[in-house]
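J.: There's a structure below that I have some questions on.
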Amino acid sequence: MSPECKTAAARAAATLLLMFGIAGCSVFKNNEEAQTVINQRVVGMAAGDFFQRYGVWGTRREQVDGTIEYGWVSAVGATTNSGYYGLDDRTCTMKIIAAKDGRIIVANILQDMPGRTTTSRCGELFKAA
């Protein structure tokens with residue numbers, strides 16, 4: 001794995017740990033509309049295709065039953081601001097479970113930050129093209 005990939009994976013893992021650590025925060029919300037969109041677009045998709053299209057997973061755990069559970073956080077992009085405020089922290093965090101055959105069977109929103117143009121970053125990322 002290249003140093004850039006290791007850095008990105010480490011950053012994603014750290015972000016996931018941070019997100020789980022602040023579970024009581026108000027940004028953790030139940031967004032049924034975004035969850036419905038994600039279920040329609042992602043469930044049944046090959047996990048490899050998902051990660052190639054939307055970005056790599058942060059954590060990966062093989063389960064006793066042969067499924068694989070992934071922790072995924074959408075990419076954090078740059079803005080025109082400098083310093084800490086130069087990061088776009090509008091992210092979508094999900095728990096994804098893939099069956100033995102590699103197809104996604106569960107994709108649950110864990111955190112849905114406000115998006116660029118709506119109240120749901122997850123909804124924006126997975127809406128119909």
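J.: Would you confirm whether any residue within segment 33-40 is within 17 Å of Lys100 (Cβ to Cβ), modelled with pLDDT of 60 or more, in a helix (DSSP H, G or I) and in contact with a Lys or Arg (Cβ under 9 Å, 6 or more places away or on another chain)?
T.: no
J.: It is to be established whether one or more residues within segment 96-108 are under 13 Å from the mean Cα position of the chain (by Cα), at pLDDT 95 or above and surrounded by fewer than 14 Cβ atoms within 10 Å (Cβ to Cβ).
T.: Yes, segment 96-108 contains at least one residue that is under 13 Å from the mean Cα position of the chain (by Cα), at pLDDT 95 or above and surrounded by fewer than 14 Cβ atoms within 10 Å (Cβ to Cβ).
J.: Among (1) within 19 Å of Gly123 (Cβ to Cβ); (2) touching a helix residue (DSSP H, G or I) at 6+ places or on another chain (Cβ under 9 Å); (3) modelled with pLDDT of 55 or more; (4) in a loop (DSSP other than H, G, I, E, B), which single condition is Phe28 missing?
T.: (3)
J.: Do you know which residues across segment 58-73 are at pLDDT 95 or above, among the hydrophobic types (A, V, I, L, M, F, W, C) and surrounded by 11 or more Cβ atoms within 10 Å (Cβ to Cβ)?
T.: Ile68, Trp72
J.: Any residue in segment 74-95 that is more than 14 Å from the chain's Cα centre (by Cα), at pLDDT 85 or above and within 20 Å of Asn31 (Cα to Cα)?
T.: There is no residue in segment 74-95 that is more than 14 Å from the chain's Cα centre (by Cα), at pLDDT 85 or above and within 20 Å of Asn31 (Cα to Cα).
J.: Filter segment 91-129 for residues that are acidic (Asp, Glu) and in contact (Cβ under 8 Å) with a residue 60 or more places away in the chain and give the result.
T.: Asp112
The values are calculated or read from the model by the stated rules, or taken from the named source; none is laboratory data. For clarity, every value in this text was computed on a predicted model and none was experimentally measured. Reconstructed Cβ throughout: ideal geometry from the backbone, glycine too, with neighbour counts over all protein chains shown.
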